[in-house]
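Take a look at the structure set out below.
The values are calculated or read from the model by the stated rules, or taken from the named source; none is laboratory data. Bear in mind that the values here come from a model prediction, so they are computed numbers and not experimental data. For neighbour counting, all protein chains shown are included, and Cβ atoms are generated from backbone atoms with ideal geometry for every residue, glycine included. Just so you know, the surface numbers come from the protein's heavy atoms only, side chains and all, with ligands and any DNA or RNA stripped out. Shrake-Rupley method; radii C 1.70, N 1.55, O 1.52, S 1.80 Å.
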Amino acid sequence: MTTDADAQTDANGNAASRRKLEIPVRGMTCTSCAGRVDRALRAGDGVLEVRVDFAEQRASVSYDPARTTEARLVAAIVNAGYEVPAPAAEQ
């Protein structure tokens, strides 16, 4: 998984933090699976943008770190029935 951070302003002009996380997803066998992962991620509080790539077996998520965590995003994918492999350093 990789994370990028970026500071932006929200609709009210307040400083808002945005992070982007690339998550490998295993177990997707069709585009419907990608849709299921997309919906599971979008249901989470603080999720700003989601792109799931079935061919690459990867989800890209922009989120507000003040409202959610990487662990919650991974849990959403796992709870939807898919696997998120641990980074090589953690195996």
- Message: Can you pull out every residue in segment 53-65 that is out of contact with any helix residue (DSSP H, G or I) (no Cβ under 8 Å at 6 or more places or on another chain) and in a loop (DSSP other than H, G, I, E, B)?
- Response: Ala55, Glu56, Gln57, Asp64, Pro65
- Message: So, in segment 1-60, how many residues would count as being open to solvent by less than 80 Å² (accessible area, probe 1.4 Å), acidic (Asp, Glu) and at pLDDT 65 or above?
- Response: 3
- Message: Can you report the number of residues in segment 66-86 which are open to solvent by 40 Å² or more (accessible area, probe 1.4 Å), within 18 Å of Lys20 (Cβ to Cβ), outside any helix (DSSP H, G or I) and touching a residue at least 12 places away in the same chain (Cβ under 8 Å)?
- Response: 2
- Note on the structure: Selection from segment 27-43 of residues in contact (Cβ under 8 Å) with a residue 40 or more places away in the chain and among the β-branched types (Val, Ile, Thr) yields Val37
